[in-house]
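> There's a structure below that I have some questions on.
The values are calculated or read from the model by the stated rules, or taken from the named source; none is laboratory data. Everything quoted here is computed from the prediction, not taken from an experiment. Ideal geometry is used to build each Cβ from the backbone, glycine not excepted, and the neighbour counts take in all protein chains shown.
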Amino acid sequence: MNNIGLFHFLFVSCALFFIGVYGFLTRRNLITMLMSVELILNSVNINFVAFNKFLYADKLDGLFFTIFIITIAAAEAAVAIAIIINLYRNHKTIDVEETDVMKF
Amino acid sequence: MNASTIIFYLLAASIIGGALMAVTSLKIFRSAVFLLFSLVGIAGLYFYLDYEFIGAVQVIVYVGGIVVLIIFSIFLTHGSGEDMKRPHWIRAIFSAVAAAFGCILTMFYISQYTFTTSGKPAIEPNAGNIGAQMLSTTDHGYILPFEVVSILLLAAMIGCIVIAIKVKIPPHEILAEKPEDDSVDESKNSEPLLANTQIEL
């Protein structure tokens, strides 16, 4: 309890991951679904950094994975928001239940 | 219970509480602000682990970039102050049960597992070491993913511009499209009128 070790970080990241999963399953709004995906990606980052710190302190590989995940998350968020704005321009809504034009 | 432990639990409470409020709040703007708290807490966790570079990158990219982008898109797509729809209760209950079950199962297996450390002396994770290894072309260098990611960012930037650009229809194309719509209803009358207007133009 007094010593903060690897397990504390893994529990935090595990809870964060499943909070993100819950948000992704319940939300029907594209922007809030994007926020849930960001939470999931961040929990993965915590995992990489904690493993690097506590298990493999002689290497930097966990840091590189974290940096690349942050980069790709930024690109993904930018493209997703461009798609959301374009969708809003065409449909006047970003609710995933109401944008079913291509549904057969 | 020393100060370091208290700081860790404060950061963890900020992360988990912010994330919970972000996925359950019905006002979308509040949801974005709670996401901000959660991301700042994660940056604090990186600083707590003495990884200053990752913490700084987290603050710059997530807090300064992605959350601001999300708030901008909320302003562009939502009226201010209107509530989102509450999720259907069956879906909410089943999602909560699935998430709680997965969380408990994963935590159980984590607590059962014994991790082995490499035991070698730690190297300093400062910006100099990170940059030297990232740009090195030797065995453990990351130059190839670095270049691939830079191309990915360029492609994402061009893709954003192409997707979100507003195409303005030039006026002569609108004139050319109009007779097709009218000809369905009154095919006989519209043609001489159109011929007249074109001569006048």
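> Looking only at the stretch A:69-104, which residues are in a helix (DSSP H, G or I), at the interface with chain B (Cβ under 7 Å from one of its Cβ atoms) and closer than 14 Å to B:Leu76 by Cα?
If the condition is that a residue be in a helix (DSSP H, G or I), at the interface with chain B (Cβ under 7 Å from one of its Cβ atoms) and closer than 14 Å to B:Leu76 by Cα, then A:Ile81, A:Ala82, A:Ile83, A:Ile84, A:Ile85, A:Asn86, A:Tyr88 are the ones that fit.
> Something else now. Counting just the residues of the stretch B:10-43 that are closer than 14 Å to B:Ile71 by Cα and among the aliphatic types (A, V, I, L, M), which one comes out surrounded by the fewest Cβ atoms within 10 Å (Cβ to Cβ)?
Only one residue tops the list, namely B:Val33.
> May I ask you to verify whether B:Tyr62 is part of a helix (DSSP H, G or I) and under 14 Å from the mean Cα position of the chain (by Cα)? Write out each step before concluding.
Values: part of a helix (DSSP H, G or I): yes; under 14 Å from the mean Cα position of the chain (by Cα): yes.
Yes: the conditions hold for B:Tyr62.
> Hey, can you tell me all the residues within the stretch B:113-133 that are part of a helix (DSSP H, G or I) and within 7 Å of another protein chain (Cβ to nearest Cβ)?
Correct list: B:Asn129, B:Ile130, B:Gln133.
> Please tell me if A:Val49 is facing another protein chain (nearest Cβ under 7 Å), surrounded by fewer than 19 Cβ atoms within 10 Å (Cβ to Cβ), part of a helix (DSSP H, G or I) and touching a Gly at 6+ places or on another chain (Cβ under 7 Å). Break it down stepwise before answering.
Values: facing another protein chain (nearest Cβ under 7 Å): yes; surrounded by fewer than 19 Cβ atoms within 10 Å (Cβ to Cβ): no; part of a helix (DSSP H, G or I): yes; touching a Gly at 6+ places or on another chain (Cβ under 7 Å): yes.
The answer is no for A:Val49.
> Taking B:His78 as the residue in question, decide whether it is more than 7 Å from chain A (Cβ to nearest Cβ) and within 20 Å of the chain's Cα centre (by Cα). Before you say what the answer is, go through the steps one by one.
Numbers: more than 7 Å from chain A (Cβ to nearest Cβ): yes; within 20 Å of the chain's Cα centre (by Cα): yes.
Considered against the rule, which asks whether it is more than 7 Å from chain A (Cβ to nearest Cβ) and within 20 Å of the chain's Cα centre (by Cα), B:His78 comes out as yes.
> Can you tell me which of (1) outside any helix (DSSP H, G or I); (2) under 20 Å from B:Glu52 (Cα atoms) is the one A:Val12 doesn't meet?
Going through (1) outside any helix (DSSP H, G or I); (2) under 20 Å from B:Glu52 (Cα atoms) one by one, A:Val12 breaks only (1).
> Go through the stretch B:44-68 residue by residue and tally those that are crowded, with 16+ Cβ neighbours inside 10 Å, facing chain A (nearest Cβ under 10 Å) and not hydroxyl-bearing (Ser, Thr, Tyr).
Within the stretch B:44-68, residues that are crowded, with 16+ Cβ neighbours inside 10 Å, facing chain A (nearest Cβ under 10 Å) and not hydroxyl-bearing (Ser, Thr, Tyr) number 11.
> Give B:Leu49, B:Leu76 a once-over and let me know the one that is hydrophobic (A, V, I, L, M, F, W, C) and touching a Lys or Arg at 6+ places or on another chain (Cβ under 7 Å).
On the way: B:Leu76 fails: touching a Lys or Arg at 6+ places or on another chain (Cβ under 7 Å).
Going through B:Leu49, B:Leu76 in turn, the sole match is B:Leu49.
> Taking into account only those residues within the stretch B:69-93 that are assigned by TED's automatic domain parsing to the domain that holds B:Leu10 and over 16 Å from B:Ser25 (Cα atoms), which is surrounded by the fewest Cβ atoms within 10 Å (Cβ to Cβ)?
Checking each candidate, the answer is B:Gly79.
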